[in-house]
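The values are calculated or read from the model by the stated rules, or taken from the named source; none is laboratory data. The shown structure was predicted, so the numbers you read here are calculated from the model rather than taken from an experiment. We place every Cβ from the backbone using ideal geometry, glycine too, and count neighbours over all the protein chains shown. Calculation scope for accessible area: heavy atoms of the full protein, side chains included, ligands and nucleic acids excluded. Shrake-Rupley method; radii C 1.70, N 1.55, O 1.52, S 1.80 Å.
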Amino acid sequence: MAEHAEYPAYPVGLRLAGRRVVVFGGGQVAQRRLPALIAAGADVTLISPSATPSVEAMAEAGEITWVKRRYQDGDIADAWYALVATSDPVANAAASAEADRTKTWCVRADDAEAATAWTPATGRSEGVTVAVLTGHDPRRSAAVRDAIVEGLRDGSIAAPQHRSRSPFVALVGGGPGDPDLITVRGRRLLAEADVVIADRLGPRDLLDELPPHVEVIDAAKIPYGRFMAQEAINQALIEHAKAGRSVVRLKGGDPFVFGRGMEEAQALAAEGIACVVVPGISSSISVPGAAGIPVTHRGVAHEFTVVSGHVAPDDPRSLVDWASLAKLTGTLVILMGVDKIGKIAEALIAHGKAPETPLALVQEGTTATQRRVDATLATVAEVVKAEEVRPPAVIVIGDVVGEGPDKLVK
């Protein structure tokens, strides 16, 4: 192949579903390349006397066939594609030579110039495969690939779909507040939206990045009229979707963790409107983590329980069994409970929780204004008042409060 080195590679997409592919070597190269071959539907045979635990797991799951020996002449017979990645240069050269004789496309991990095919830096975004080749500069290939895929995902590279698409509503969990913590899928759907109905606790900074034609509606300012607040939001989702628009309901945290997302999904289903749910990072685990508090920790807490504190323990509407929670030895995470924390602490102590149990309140977690205030069950009511702790704040109760490092990089 050296005499052809000055010619560029001809890009092509191989359709390997149901076709025989042979991989030589079960090390790190195979571990990286095998998932894509499996995803392509290839009939993969791995020939190697050993394999990494991850590759071995693929064989045990039946995703590949593992022949536990070294390369032998004839192994490439009837193969459409071969990946040569052993630590033995002699075996690599022999397998590559066989591939050349049998006219089988062959990638060599140890000597690209001796190969008949190269593996591009590849990435995927919503049905689009990006493959980049830059000759002898794989790091540049990866950098170009990453830039294109990220642009497609966050909408900075405009690539609108030209096939017809039915209007739909996406219930997107925006995460705890930091705009970088929304999921890739959530960010892409935002970029494709015609209308965004946003919660106050959603990642507000993302709204500034939307194209000018996108209508952004503050859910807190929807005229309620004869509707209750949630009913008005449901009605707005339905009306915009029926008008032929793609709608994103941008919510803080996760749509189904005290986000009333299921109520919205049910309302849409009743009207026959397609709905997709995009999970988000819940503040119940991300905010404590951002403040240096692990909700579980070896030898300290083997479980954590997430509770809504929007109604007090003595309120007849409460569905929480505070007596049972007081007996748990793990971590208790309370959302929407700042103004009720005094009564919550009293209830936990009354049911047997130690008054000196450590507690932390993390206000506006993951944002630039995040702050942490520590207390105990016995002192929290006074501390909240003295420190003027305001919602939104996540409350963590348990011994894990004292386990985190003094400083975390933000």
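Which of the residues that make up the range 285-303 are in contact (Cβ under 8 Å) with a residue 12 or more places away in the chain and farther than 26 Å from Thr369 by Cα? Quick ask: steps written out before the conclusion?
If we filter the range 285-303 for residues that are in contact (Cβ under 8 Å) with a residue 12 or more places away in the chain, which is where we start, we get 285-288, 290-297, 300-303.
The answer is His297, Val300, Ala301, His302, Glu303.
Could you tell me whether the range 324-342 includes any residue that is part of a loop (DSSP other than H, G, I, E, B) and within 26 Å of Pro179 (Cβ to Cβ)?
Step one: filter the range 324-342 for residues part of a loop (DSSP other than H, G, I, E, B), giving 328-330, 336-337.
The next check asks that each one be within 26 Å of Pro179 (Cβ to Cβ); those that pass are 336-337.
Looking through the range 324-342, at least one residue is part of a loop (DSSP other than H, G, I, E, B) and within 26 Å of Pro179 (Cβ to Cβ).
Just name the residue that is surrounded by the fewest Cβ atoms within 10 Å (Cβ to Cβ) out of those in the range 222-240 that are more than 10 Å from Ile197 (Cα to Cα) and either among the charged types (D, E, K, R) or under 26 Å from the mean Cα position of the chain (by Cα) (or both).
Only one residue tops the list, namely Arg226.
Scan the range 316-330 and tell me whether some residue there is over 24 Å from the mean Cα position of the chain (by Cα), of a type in the set (Lys, Arg) and open to solvent by 60 Å² or more (accessible area, probe 1.4 Å). Reasoning before the result, please.
Initial filter on the range 316-330 (over 24 Å from the mean Cα position of the chain (by Cα)): 316-330.
Within this subset, residues satisfying the condition of being of a type in the set (Lys, Arg) are 317, 327.
Those left that are additionally open to solvent by 60 Å² or more (accessible area, probe 1.4 Å): 317, 327.
Within the range 316-330, one or more residues are over 24 Å from the mean Cα position of the chain (by Cα), of a type in the set (Lys, Arg) and open to solvent by 60 Å² or more (accessible area, probe 1.4 Å).
Residue-by-condition table, conditions (1) out of contact with any strand residue (DSSP E or B) (no Cβ under 9 Å at 6 or more places or on another chain); (2) without any contact (Cβ under 8 Å) to a residue 40 or more places away in the chain:
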residue: Arg188; (1), (2): no, no
residue: Ile217; (1), (2): no, yes
residue: Lys221; (1), (2): yes, yes
residue: Ala229; (1), (2): yes, yes
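Each row is one residue, and each column tells you yes or no for (1) at pLDDT 95 or above; (2) closer than 14 Å to Ala30 by Cβ.
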residue	(1), (2)
Gln72	yes, no
Ala109	no, yes
Trp118	no, no
Gly135	no, no
Pro138	no, no
Ser141	no, no
Arg145	no, no
Val149	no, no
Arg153	no, no
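Quick one: count up the residues across the range 262-273 that are surrounded by 17 or more Cβ atoms within 10 Å (Cβ to Cβ) and either at pLDDT below 95 or assigned to a loop (DSSP other than H, G, I, E, B) (or both).
Residues in the range 262-273 being surrounded by 17 or more Cβ atoms within 10 Å (Cβ to Cβ) and either at pLDDT below 95 or assigned to a loop (DSSP other than H, G, I, E, B) (or both): 1 in total.
Need the failing condition index for Val216 against (1) open to solvent by less than 30 Å² (accessible area, probe 1.4 Å); (2) aliphatic (A, V, I, L, M); (3) farther than 22 Å from Gly365 by Cβ; (4) outside any helix (DSSP H, G or I), just the number.
(1)
For the range 193-213, what are the residues that are assigned to a loop (DSSP other than H, G, I, E, B), at pLDDT 85 or above and surrounded by fewer than 21 Cβ atoms within 10 Å (Cβ to Cβ)?
First, pick out the residues of the range 193-213 that are assigned to a loop (DSSP other than H, G, I, E, B): 193-194, 199-203, 210-213.
Narrowing further to those that are at pLDDT 85 or above: 193-194, 199, 213.
Selection gives Asp194, Asp199, His213.
Yes or no: Ala131 within 17 Å of Arg33 (Cα to Cα) and open to solvent by 50 Å² or more (accessible area, probe 1.4 Å)?
Values: within 17 Å of Arg33 (Cα to Cα): yes; open to solvent by 50 Å² or more (accessible area, probe 1.4 Å): yes.
Taking the combined requirement at face value, the residue satisfies it.
Here are the criteria: (1) among the charged types (D, E, K, R); (2) in a helix (DSSP H, G or I); (3) free of Cβ contacts under 8 Å to residues at least 12 places away in the same chain. Tell me which single one Asp315 does not satisfy.
(2)
Go through the range 241-259 and give me each residue that's open to solvent by 40 Å² or more (accessible area, probe 1.4 Å) and under 21 Å from the mean Cα position of the chain (by Cα). Break it down into steps so the answer makes sense when it comes.
Narrowing the range 241-259 to residues open to solvent by 40 Å² or more (accessible area, probe 1.4 Å): 242-245, 256-258.
Passing the criteria: Phe256, Val257, Phe258.
Take Val306 and tell me if it is assigned to a strand (DSSP E or B) and open to solvent by less than 30 Å² (accessible area, probe 1.4 Å).
Criteria not met by Val306.
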